[in-house]
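> One structure, as structure tokens, below. Some questions next.
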Amino acid sequence: MALTESQIMDALRAIRVPQGGDIVTAGMVSGLMVRDGHVGFAIEVDPAQAPVMEPVRKAAEKAIMDLPGALSATIVLTAHRGAPQTAQRSTGPQRPQAHGHAHGHAHGQAQGQAGGSRLSLPGIKHIIAVASGKGGVGKSTTAVNLALALHTNGLKVGLLDADVYGPSQPRMMGIKGRPTSKDGKVMEPMSNHGIKVMSMGFLIDEETPMIWRGPMVMSAITQLLRDVAWGDLDVLVCDLPPGTGDTQLTMSQNVPLSGAVIVSTPQDIALLDAKKGLNMFRKVDVPVLGIIENMSYFSCPHCGHRSDIFAHGGARREAERFGVDFLGEIPLDIAIRETSDGGNPIVVSQPQSPHAAAYRGIAERIWTTLSGAQARQGPRIVIQ
Ligand code: ADP
């Protein structure tokens, strides 16, 4: 029988807080979501209380997992209640200190689940983030085609859809259904076109509106990373939430990223959005592998004529100015949209096309940088 909200709230009424009473009566439970046995919510706490509240969080997690039908419980302590934290949160990535002090304690506890500051994922050789300064620039389209191009180049690849606000990888990868779990704890990733995929979209319906708070996003992403049987991977491509706010900063700090790729359109680089992305990764010492200019120019589907509607070339110039690699340009082409929106991205559905070749070229550049140690050794000289 499906787990209901009232069953959960009833179970939580048994969880006492040190100050007296239970967490439900004290009004501390917020943002409850239940989906096919997956439960998530936040416990709102005063930051000063965070250390004593960690056992409460654990007890709540156990109470949920003891309910019949519960598959996972993502419970985080948040200290977002109250004006000061909210005000500081809105300062965004420019103020990492403010972030730490505003809700560092509670947040730290939430990440305590992740085993301290950085997640450890020993089976995965490299995790790369695909990021953008804002939404709608084609970050997910680029992430999926890059993941598939890396696979085409002979690598074992996973794709993590960390864009919990608008998970699009189930659609782009043409995958339907729910992940299964052999032991009720670790989920098996879904897969198609030869790569493994995990997305919040498999756990909630695409239409379900979700309001995410910063710590909940991190917690959800942590779960999608840590509680999934990824197996051995050469690369895990991580489609980040759009923008460069606190969440992305926290994620960049907590996930052991080998590097980040910034996707930008010609006009958004002009509007400084992509630069924010660059600065964010620099701040947390994540190497920026380079910038990709998406929707770089328009390629007419009828005559193949190319026109530069958005002052093409801005990303290349900006990359040079910022001293990062320019990885390549992808045109605005209806075939790219139709194939990825239809679950058959161009890299796999039209492998002979110049666009697929462009993605493969970018993937190769990225892999050369990632496996830099070998690459720097230079070609092996064989004496015959
Ligand atoms: P984001 O992840 O940045 O929000 P998406 O990857 O979801 O953006 O892309 C937004 C829309 O633009 C999608 O419908 C996608 O198919 C389309 N799109 C992305 N890149 C291209 C491109 N190079 N040419 C044509 N359409 C594209």
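> I'd like the full set of residues that are in contact with a Phe, Trp or Tyr (Cβ under 6 Å, 6 or more places away or on another chain) and modelled with pLDDT of 85 or more, limited to the range 18-37.
Result: VAL29, single match.
> In the range 244-271, how many are within 11 Å of the chain's Cα centre (by Cα) and within 16 Å of the ligand (Cβ to nearest atom)?
The number of residues fulfilling the criteria is 3.
> Let me ask something else about it. Looking at PRO351, PRO345 in this structure, which one is modelled with pLDDT of 95 or more, more than 14 Å from the ligand (Cβ to nearest atom) and not aliphatic (A, V, I, L, M)?
Details: PRO345 fails: more than 14 Å from the ligand (Cβ to nearest atom).
On inspection, the qualifying residue turns out to be PRO351.
> Name the residue that is farthest from the ligand (Cβ to nearest atom), counting only residues in the range 314-342 that are under 17 Å from PRO287 (Cα atoms), hydrophobic (A, V, I, L, M, F, W, C) and not in a helix (DSSP H, G or I). Show your work before the answer.
First, the residues of the range 314-342 that are under 17 Å from PRO287 (Cα atoms): 318-327.
With hydrophobic (A, V, I, L, M, F, W, C) added as a condition, the list becomes 319, 322, 324, 326-327.
This time we only want the ones that are not in a helix (DSSP H, G or I), so: 324, 326-327.
Details: VAL324: 19, PHE326: 16, LEU327: 14 Å.
Here the answer is VAL324.
> Could you tell me how many of the residues in the range 2-15 are farther than 11 Å from MET33 by Cα and exposed (fewer than 14 other Cβ atoms within 10 Å of the Cβ)?
4
> With the condition kept exactly as written, say whether any residue in the range 230-243 is at pLDDT below 85 and more than 11 Å from the chain's Cα centre (by Cα).
yes
> Also: Could you check the range 161-186 and list, in sequence order, the residues that are modelled with pLDDT of 95 or more and more than 13 Å from the ligand (Cβ to nearest atom)?
The answer is GLY174, ILE175.
> Let me ask something additional. Give me the pairs: first residue in the range 122-145 and in the same structural domain as ALA363 (by TED's automatic domain parsing), second residue charged (D, E, K, R) and within 6 Å of the ligand (Cβ to nearest atom), beta-carbon distance under 6 Å, and six or more apart or on different chains, which are they?
Here the result reads VAL130/LYS139; SER132/LYS139, each pair linking the range 122-145 to a residue that is charged (D, E, K, R) and within 6 Å of the ligand (Cβ to nearest atom).
> Shifting gears a bit: Given ALA42, ALA14, ALA63, which one is modelled with pLDDT of 75 or more and assigned to a loop (DSSP other than H, G, I, E, B)?
Within the list ALA42, ALA14, ALA63, the selection yields ALA14.
> Further, regarding this structure: If GLU188 passes every condition in (1) buried (at least 20 other Cβ atoms within 10 Å of the Cβ); (2) over 15 Å from ALA129 (Cα atoms) but one, which one does it miss?
The one condition GLU188 does not meet is (1).
> Then there's this: Is it fair to say ALA335 is crowded, with 21+ Cβ neighbours inside 10 Å and closer than 22 Å to PRO170 by Cβ?
Criteria not met by ALA335.
> Moving on. Taking the range 138-151 on its own, how many of its residues are of a type outside the set (Gly, Ala, Ser), touching a strand residue (DSSP E or B) at 6+ places or on another chain (Cβ under 6 Å) and near the ligand (Cβ under 10 Å from one of its atoms)?
2
> Looking only at the range 161-175, how many residues end up being polar (S, T, N, Q) and either part of a helix (DSSP H, G or I) or not assigned by TED's automatic domain parsing to the domain that holds ALA357 (or both)?
1
> Filter the range 134-181 for residues that are surrounded by fewer than 19 Cβ atoms within 10 Å (Cβ to Cβ), among the polar types (S, T, N, Q) and within 15 Å of the chain's Cα centre (by Cα) and give the result.
none
> Here is a further query. Here are GLY158, GLY135, GLY154: which of them is within 8 Å of the ligand (Cβ to nearest atom) and either part of a helix (DSSP H, G or I) or not acidic (Asp, Glu) (or both)?
GLY135
> Continuing with the same structure: In the range 253-263, which residue that is out of contact with any Pro (no Cβ under 9 Å at 6 or more places or on another chain) and farther than 19 Å from MET172 by Cβ is modelled with the lowest pLDDT? Quick ask: steps written out before the conclusion?
We begin by selecting, within the range 253-263, every residue out of contact with any Pro (no Cβ under 9 Å at 6 or more places or on another chain); these are 254-256, 261-263.
Applying the additional criterion that residues be farther than 19 Å from MET172 by Cβ yields 254-256, 262.
Numbers: ASN254: 85, VAL255: 89, PRO256: 90, ILE262: 91.
Out of the qualifying residues, it is ASN254.
The values are calculated or read from the model by the stated rules, or taken from the named source; none is laboratory data. Just so it is clear, the structure is predicted and the values come from calculations on it, not from any experiment. As a convention, Cβ positions derive from the backbone with ideal geometry for all residues, glycine included, and neighbour counts pool all protein chains shown.
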